[in-house]
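K.L.:
Below you'll find the structure I mean.
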Amino acid sequence: MEEAASSSAAASGTPFQLQFDKPIPFQIKLAEWNPEKDLLAMVTDDSKVLLHRFNWQRLWTISPGKCITSICWSPDGKVVALGTEDGLVLLHDVENGKMLRSTKSHDVAVVCLNWVEDEPLSRTDKDDLLSYEDRTTRFFPPAPVMPRVGGLNSGDTGLADENEEAIQAFSSAFCQRFNILSSGDKDGCICFSIFGIFPVGKININKVPIHVQSSQYKTSYRLQGASISKVSLSTNLHQLVLLCCGKLINTEKLSIGKDISVGLHCVHLDTSIFSNRKNELHQVSQQASSIQDLVEVVRASISMMSKQWSNAMNLFHEKFSALPSLITAHGMESSSEDEFLSLLFGTRTSPALHQFLVSSLGEVGLKRIAKAIDSAGRELRIVVSEHLQPAVEIISFRLAELRGLARWRSRFQNIGLDEKLMDGVTERVGMLTVQVERFSRVAATVLYLFQNFFSWVLKCVKILLSEPTDQVPPANSELVVIFLKFLLDKDPIKQLLETDQIFEWDIDTARQVEQLVVFGGFTDTQFLERSLAKQFSELEESLKEAFLMPFTAISSQIHCQGLLPLYPVASSEALSSTCTASSISFYKDEDSQHSPCSYSLTDYICFKIPDGSLNLRNCIGVIKNFCNSSSTISTPSLSGFLLRMPDEYECVDLSLYKDNQVVLLLSGKFSSESPGRSLMVMLQIENFSFSQLSRTLPTNCNSFQELLALELQLDTDHGKIRSIPHLMSTPLAVSASRGVACIFSSRRHALVYILDEDEDDGEDEDSEME
């Protein structure tokens, strides 16, 4: 009978099974549909990430090397975000799976992600007036990329790997539409990142006070040991709803709330700061995220130059270190510098220097060193001209833009853009610009001296090899002396690339710098004492301090507006071991009285209740209007209902769908007589009777316990029912934009169903066979 039902369903084409005629060779633990394309991203039990087309053609597979604990897509479907067990958020390109960005947002596992884009309907005329144009492209060519990490070859352009273009496209694309990535972890922290890359806020739900105002007094509660399980930011950015597991405590009585002490709680956070200041946040984050990208270019450039020059100088010192040993072996007390100076000014060549030049070094060895130094010098020039200097110049311009915005105090002070801090960081990037120019000049001088010295020594070697003579070729004595005095034992380029170097400068130079300060423009009189690397380090510290202010200011303006206990459990251990199916969604109100440029939203929360909690078994709960906290008569009241599943089925997963619908995945109970069947049920939520719930703690602690559970009748017109001839397991992946659902059987089969298409005759027969 079951095989006939399966054949009937497959033949009808609705629902249809994927073209996969053998067991899937992996167990899926997470799955998410792309919002813009027919693509399904899946995470296996061993944390491989797979991307499949609708027809199950695999596009790519990646192994991030970390345990993946959450997944979501960017609003435009071009980036997939992965949360890891060690607190990272990884952003990967949809085209090839390559990582675009890695952000350490949390200290523990990131268990949920939610990426929301600002809806165009939420824009106002004032938003258009305050729209901001990024003027950097008017004055600068495209931003430089990082030099190749593996090193540059002679004549190489210094471009990074092939994915660098994708990273640039990612950064620029997210500067077009304002969006926020929210991430929650198992320690109760929620992080907010604009464009998914610029951190703009973080709160710990365990430290957020929950104030309850009654007619007589005000009571404060807080959560203890809460772990986030689900987050959802509304598309108008006004509110965030989260589900968390933990203890509810009355802070005034220092006691745990009665009956609902440990359980699942629904929390409403006021995030209107994102909506009210989205234009300002857009501008700041657009500039700041670009600056952070360019800072990485500067860091990679300095690291690359240090590596390349160090390799060349190691070869130089390796070859020339033989001379002091030969001098000692011949019983002489002179230095290498003295020997070369004697040779330069016509004194008889010592046996030690003759042996070194003719035997130890030789013409081939000298040419090899000269080539290495020359190659390193060309690479330094490439890195400076194509990467370091353009990056510093664009950083300077963008910081000047932010500095100008910081002076608009009425709009930007509220989001933490501090004028004084921006003045300081702008001066430091100016000093870094000076240091880059200084480095270029020092490097050019050093390389010229090296070239002149090697040319003279090579002529000496050739003469000594051709005939035994004490005559040496003519040379620019002054340049050779400078080289021997300052470069044989010292390395100015290396010193400029190290952070712990301090340079001494004479009194006249100090006096000139102080005179320049009088004319204005900068106040730092000690910048000549610092190296290029040290100046960059100080710029990084200033940037960190300046960008921490918006992060702190936004975090302080996110408040708790309400808390609703959903159900209790016996202990926190039982709660942590329970993986509860849940879903949160916001729907636009069709009959909204708002103006066309704005709209109102109704929130829906759907969740499975563990057996035994609230004295219920096999039930789900649905609530709506939790975020509508206004006390006006016209405001819809908080309401909900309980729905009991049929005894022969168990709800293994659920997901809210479009048009106030919910999709339930019901797996049949296994028995020896039957391998089991499952149902996918799509219900119209508004067809059920909602009961009003209290918003006030502690009154609402027992709200759901007082509700009478409704029975799900499979033969009613409440929704659509699709029979599946397999036992099903999590996850259930539903796409409202594509109108499809993907489910996975316990026997490792993947099936995709069209949710919006009506049941046909074949499926009706299938249902009757049950």
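K.L.:
Taking the Cα-to-Cβ direction at Asn204 and at Thr696 and moving 7 Å from each Cα, how far apart do the two end points lie in nm?
P.N.:
3.2
K.L.:
In addition: Using 0.36 nm times the number of residues separating Arg135 and His317, minus their current alpha carbon distance, what extension gain do you get?
P.N.:
Values: separation 182, 0.36 × 182 = 65.52 nm, distance 4.81 nm.
Extra length available between Arg135 and His317 comes to 60.7 nm.
K.L.:
Continuing with the same structure: Counting Lys and Arg as +1 and Asp and Glu as -1, what is the net charge of the other residues whose Cβ lies under 12 Å from the Cβ of Lys367?
P.N.:
Working: positive: Lys319, Arg368, Lys371, Lys462; negative: Glu363, Asp374.
Here the charged neighbours net out to +2.
K.L.:
Over what distance in Å are the Cα centres of region 39-66 and region 317-368 separated?
P.N.:
With region 39-66 and region 317-368 each reduced to a Cα centre, they are spaced 63 Å.
K.L.:
Less than 23 Å apart at the alpha-carbon level, and either on another chain or at least 8 residues along: which lysines does that give for Lys307?
P.N.:
Lys307 reaches Lys319, Lys367, Lys371, Lys490, Lys494, Lys534.
K.L.:
Still on this model: Counting other Cβ atoms within 10 Å, keep those with at most 16, restrict to DSSP loop, and tell me which GluC sites (Glu not before Pro) in region 316-418 are left. Could the numbers behind the result be given before it?
P.N.:
Details: sites: Glu318, Glu333, Glu337, Glu339, Glu363, Glu379, Glu386, Glu393, Glu401; in loops: Glu333.
Those that pass, being in a loop and sparsely packed, are Glu333.
K.L.:
On the protein heavy atoms, probe 1.4 angstrom, tell me the percent of accessible surface of region 307-460 carried by carbon and sulfur. All intermediate terms of the calculation are to be shown ahead of the outcome.
P.N.:
On the way: 3500 of 6910 Å².
Carbon plus sulfur share of accessible area: 51 percent.
K.L.:
Calculate the FRET efficiency for Arg617 and Phe688 from the Cβ-Cβ distance with a Förster distance of 30 Å, rounded to the nearest 0.05. Display every interim value, and only then the final one.
P.N.:
Values: r = 19 Å, r/R0 = 0.63.
Taking R0 as 30 Å, the efficiency between Arg617 and Phe688 is 0.95.
K.L.:
Test of understanding: what is the full-extension gain from Gln413 to Ser537, defined as 0.36 nm times their sequence separation minus their Cα-Cα distance? Numbers along the way, then the final one.
P.N.:
Values: separation 124, 0.36 × 124 = 44.64 nm, distance 2.65 nm.
42.0 nm is the gain from fully extending Gln413 to Ser537.
K.L.:
Now for a different question. Under a straight-distance cross-link criterion of Cα-Cα below 16 Å, which lysines are reachable from Lys78, leaving out those fewer than 8 residues away in the same chain?
P.N.:
Lys37, Lys98
K.L.:
Of the peptides 29-39, 75-85, how do they stack up when ordered by the mean number of other Cβ atoms within 10 Å, highest first? Could the numbers behind the result be given before it?
P.N.:
Values: 29-39: 18.9, 75-85: 21.8.
Averaged packing, sorted descending, gives the order 75-85, 29-39.
K.L.:
Can you tell me the equivalent ellipsoid semi-axes for region 188-322? Use √(5λ) from the Cα gyration tensor, largest first, whole Å. Let's see the in-between values first.
P.N.:
Details: eigenvalues 512, 93, 27 Å².
Here the semi-axes work out to 51, 22, 12 Å.
K.L.:
Still on this model: How far apart, in nm, are the 7 Å Cα→Cβ label points at Met332 and Lys37?
P.N.:
Result for the modelled spin labels: 7.0 nm.
K.L.:
Roll a 1.4 Å probe over the protein chains and send me the accessible area per residue for region 197-348 in Å². Show your work: numbers first, answer last.
P.N.:
Details: 6050 Å² over 152 residues.
Ligands and nucleic acids excluded, the result is 40 Å² per residue.
K.L.:
Using a Förster radius of 22 Å, what is the FRET efficiency between Glu95 and Glu117 based on their Cβ-Cβ separation? Nearest 0.05, please.
P.N.:
Details: r = 20 Å, r/R0 = 0.90.
For Glu95 and Glu117, the calculated efficiency is 0.65.
The values are calculated or read from the model by the stated rules, or taken from the named source; none is laboratory data. Worth saying up front: this structure is predicted, and the values here are computed from it rather than measured. Cβ: placed from backbone, ideal geometry, glycine included. Neighbour counts: every protein chain shown. Calculation scope for accessible area: heavy atoms of the full protein, side chains included, ligands and nucleic acids excluded. Shrake-Rupley method; radii C 1.70, N 1.55, O 1.52, S 1.80 Å.
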